[in-house]
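Before any comments, here is the structure.
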Amino acid sequence: MTAEEGCVRVAAVGDVHLDADVVGRYRPALDHLGLKADLLLLAGDLTRHGTEEEARCVAREFGGLPVPVVAILGNHDYHSDQQEGVAAVLRDAGITVLECTGTVVNCAGVRVGVAGTKGFGGGFAGACASEFGEPEMKEFTRHGRELAARFGESLAALDCDVRISLTHYSPVPETLLGEPLEIYPFLGSYHLAQAIDAAPEVGLAVHGHAHAGSERGATPGGVPVRNVAHPVIKQAYNVYQLSSVLMPA
């Protein structure tokens, strides 16, 4: 796929769950990434159990690539309470790691803004948690809402030509189709979609987490949403071309 003037080719994958026994699985395809994409997004769950040792495997696999790499962490990357160390290992390998923050990357003269957060659960309209009742339920619901609000501020504040949302949890239920309905509240939150729709001219929203979900959806405001979990896309990455209209590679 060749780049068109004014367009950006965005590669993305999530849920690679790297450990020592998986190192090398993606690298052969990644070594040629510069011919197919201008930027790579990693949508969380990069490790299996969230250890720094596993993060070094991610750094070996996704570090030193011919394009900028921007990542967020997923729930697996938090499992061992080493998320700060995991992020530090990735940053040392030249990977930009976001959490309720944003970055702007120059891709062939196009300023691509990416804001990212792991996000959290909570569910979707008509079947969502509320800040009512036990303190634990209030805390669960509040955490997702507050994360989405901080993420939304970062997304809206980007000074760029093309704006991209990068989360682990899903902002919409459409990309969860195939997962049991009972676990939707643990796979995403409508608060993320509200944050995306409140930001100006978001061209693409990328997420992972839903291994049995579907690739395509859209926010209520019409922003294209893509589930790039590796078990869904079944390849090293998907590429999306962004201009005035999102086009799959």
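The figures follow:
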| item | result |
| --- | --- |
| Condition met for residue 178 (closer than 24 Å to residue 46 by Cα and crowded, with 24+ Cβ neighbours inside 10 Å) | no |
| Among (1) within 29 Å of residue 161 (Cβ to Cβ); (2) out of contact with any Cys (no Cβ under 7 Å at 6 or more places or on another chain) - the single one residue 47 does not satisfy | (1) |
| Tally of residues being open to solvent by 40 Å² or more (accessible area, probe 1.4 Å), under 27 Å from residue 121 (Cα atoms), assigned to a helix (DSSP H, G or I) and touching a residue at least 24 places away in the same chain (Cβ under 8 Å) across the range 54-87 | 3 |
| Qualifying residue in the range 41-49 (condition: touching a helix residue (DSSP H, G or I) at 6+ places or on another chain (Cβ under 6 Å), open to solvent by less than 20 Å² (accessible area, probe 1.4 Å) and not in a loop (DSSP other than H, G, I, E, B)) | yes |
| Qualifying positions in the range 35-44 - within 22 Å of residue 165 (Cα to Cα) and more than 11 Å from the chain's Cα centre (by Cα) | 36, 37, 38, 39 |
| Set 129, 115: member being open to solvent by less than 10 Å² (accessible area, probe 1.4 Å), of a type outside the set (Phe, Trp, Tyr) and in contact with a helix residue (DSSP H, G or I) (Cβ under 6 Å, 6 or more places away or on another chain) | 115 |
| Some residue of the range 91-112 being among the β-branched types (Val, Ile, Thr), buried (at least 17 other Cβ atoms within 10 Å of the Cβ), modelled with pLDDT of 95 or more and over 19 Å from residue 164 (Cβ atoms) | no |
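The values are calculated or read from the model by the stated rules, or taken from the named source; none is laboratory data. What you are looking at is a predicted structure, and each value in this text was computed from that prediction instead of being measured. Quick reminder, even Gly has a Cβ in these numbers, built from the backbone with ideal geometry, and neighbours come from all protein chains shown. In case anyone asks, the SASA skips ligands and DNA or RNA and just uses the protein heavy atoms, side chains included. Shrake-Rupley method; radii C 1.70, N 1.55, O 1.52, S 1.80 Å.
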